[in-house]
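The values are calculated or read from the model by the stated rules, or taken from the named source; none is laboratory data. Computed from a predicted model, the values in this text were never measured in an experiment. Cβ coordinates were reconstructed from backbone atoms using ideal geometry, including for glycine residues, and neighbour counts include every protein chain displayed. Surface areas here come from the heavy atoms of the whole protein model, side chains and all, with no ligands, DNA or RNA. Shrake-Rupley method; radii C 1.70, N 1.55, O 1.52, S 1.80 Å.
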Amino acid sequence: MRIALLGPPGSGKGTQAARICEAFKLVHMSSGDILRAEKISGSVNGRKIRDFMANGMLVPDDLMMSIMRERIIKLGDCGFVLDGFPRTIVQAEALNRMLFELQRPLMLVLNFVVDPTVLQRRFEGRRICPACLSVYHVDSNPPQTPGLCDNDQEPLITREDDRHDVVQKRIQTYQETMAPLVAFYAQMGNFKTVDASGAIPEVTKVVLEKMHRHFEG
Ligand code: AMP
């Protein structure tokens, strides 16, 4: 299975991607996590992307493509879930060309749609583990011990780009680029919309049902 998830920041695509990967044994390809890991590594690409990310701006398409291309090729025949990538038409077209050349086209695109007021609340409570990158929410997905990661007991942090002003900018950037991207995939087929305003387990149920129907008929 090769799947891409579309949806605004805070739509829960990351959480749902992890659940899809667990259920179907796929590799989770989160562009945000990949970029953060690149940044922490201090690589040349990591230094180039730092300012874009800190200001809630998209990383330039050519740089993004070269980072993702390398990782996708490394996956070989493994199934994957793309989360946060592609984010622009240029990326979507370049990804299509690349997957076509590899003879591994996308099989399903899921578009996560969320009420904007629900989105804001989701950001305010989001926490991540700086060590293993697990994602929690103080209301909907709290860790067993408040403030500590379940996996490694690291103190949880609020991501730099979850700050109020950066969040506003990220949502605005997403809205400007989303409409054409959704239209691009909708006309290609293998495209389904998911109402992601509900609680995590409800959305997971809907997503897994849609996937079973899509892949098993
Ligand atoms: P995310 O965790 O998906 O919200 O991504 C965090 C930040 O990484 C974004 O605000 C962008 O600066 C950058 N980013 C993630 N994915 C992409 C992408 N596909 N294209 C450009 N920039 C991206």
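Could you tell me whether the stretch 26-45 includes any residue that is closer than 22 Å to Asn190 by Cα, open to solvent by less than 10 Å² (accessible area, probe 1.4 Å), among the hydroxyl-bearing types (Ser, Thr, Tyr) and in a helix (DSSP H, G or I)?
Yes, there is a match, as at least one residue in the stretch 26-45 is closer than 22 Å to Asn190 by Cα, open to solvent by less than 10 Å² (accessible area, probe 1.4 Å), among the hydroxyl-bearing types (Ser, Thr, Tyr) and in a helix (DSSP H, G or I).
Going residue by residue through the stretch 84-93, is there one that turns out to be among the polar types (S, T, N, Q) and surrounded by fewer than 13 Cβ atoms within 10 Å (Cβ to Cβ)?
Within the stretch 84-93 (the criterion being among the polar types (S, T, N, Q) and surrounded by fewer than 13 Cβ atoms within 10 Å (Cβ to Cβ)), the answer is no, since none of the residues qualifies.
Rundown of residues vs (1) touching an Asp or Glu at 6+ places or on another chain (Cβ under 8 Å); (2) among the charged types (D, E, K, R), yes/no style:
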{"position": "Ala23", "(1), (2)": "no, no"}
{"position": "Ala37", "(1), (2)": "no, no"}
{"position": "Asp61", "(1), (2)": "no, yes"}
{"position": "Val90", "(1), (2)": "yes, no"}
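Would you point out the residue of the stretch 147-197, among those that are away from the ligand (no atom under 15 Å from the Cβ) and at pLDDT below 90, that is nearest to the chain's Cα centre (by Cα)? Walk me through how you get there before you give the answer.
Residues of the stretch 147-197 away from the ligand (no atom under 15 Å from the Cβ): 147-156, 179, 183, 186-195, 197.
Right, trim to at pLDDT below 90 and you get 179, 188-189.
Numbers: Ala179: 17, Met188: 20, Gly189: 21 Å.
Among those that are away from the ligand (no atom under 15 Å from the Cβ) and at pLDDT below 90, it is Ala179.
Kindly indicate the residue of the stretch 1-17 that is buried (at least 18 other Cβ atoms within 10 Å of the Cβ) and aliphatic (A, V, I, L, M) and also farthest from the chain's Cα centre (by Cα) among those meeting that condition.
Applying the filter and picking the extreme gives Ile3.
So which residues in the stretch 78-95 are part of a helix (DSSP H, G or I) and more than 12 Å from the ligand (Cβ to nearest atom)?
As a first pass, look at the stretch 78-95 and keep what is part of a helix (DSSP H, G or I): 89-95.
Correct list: Glu93 only.
If only one of Phe215, Phe184 is within 23 Å of Phe80 (Cα to Cα) and open to solvent by 40 Å² or more (accessible area, probe 1.4 Å), which one is it?
Numbers: Phe184 fails: open to solvent by 40 Å² or more (accessible area, probe 1.4 Å).
Going through Phe215, Phe184 in turn, the sole match is Phe215.
Within the stretch 17-48, track down each residue that is away from the ligand (no atom under 12 Å from the Cβ), aliphatic (A, V, I, L, M) and closer than 30 Å to Val206 by Cα.
Ala18, Ile20, Ala23, Leu26, Val27
Can you tell me which residue within the stretch 49-77, out of those that are in contact (Cβ under 8 Å) with a residue 60 or more places away in the chain and assigned to a loop (DSSP other than H, G, I, E, B), is farthest from the ligand (Cβ to nearest atom)?
Within the stretch 49-77, the subset in contact (Cβ under 8 Å) with a residue 60 or more places away in the chain is 53-58.
Of the ones still in play, those that are also assigned to a loop (DSSP other than H, G, I, E, B) are 55-58.
Working: Asn55: 8, Gly56: 5, Met57: 6, Leu58: 4 Å.
Checking each candidate, the answer is Asn55.
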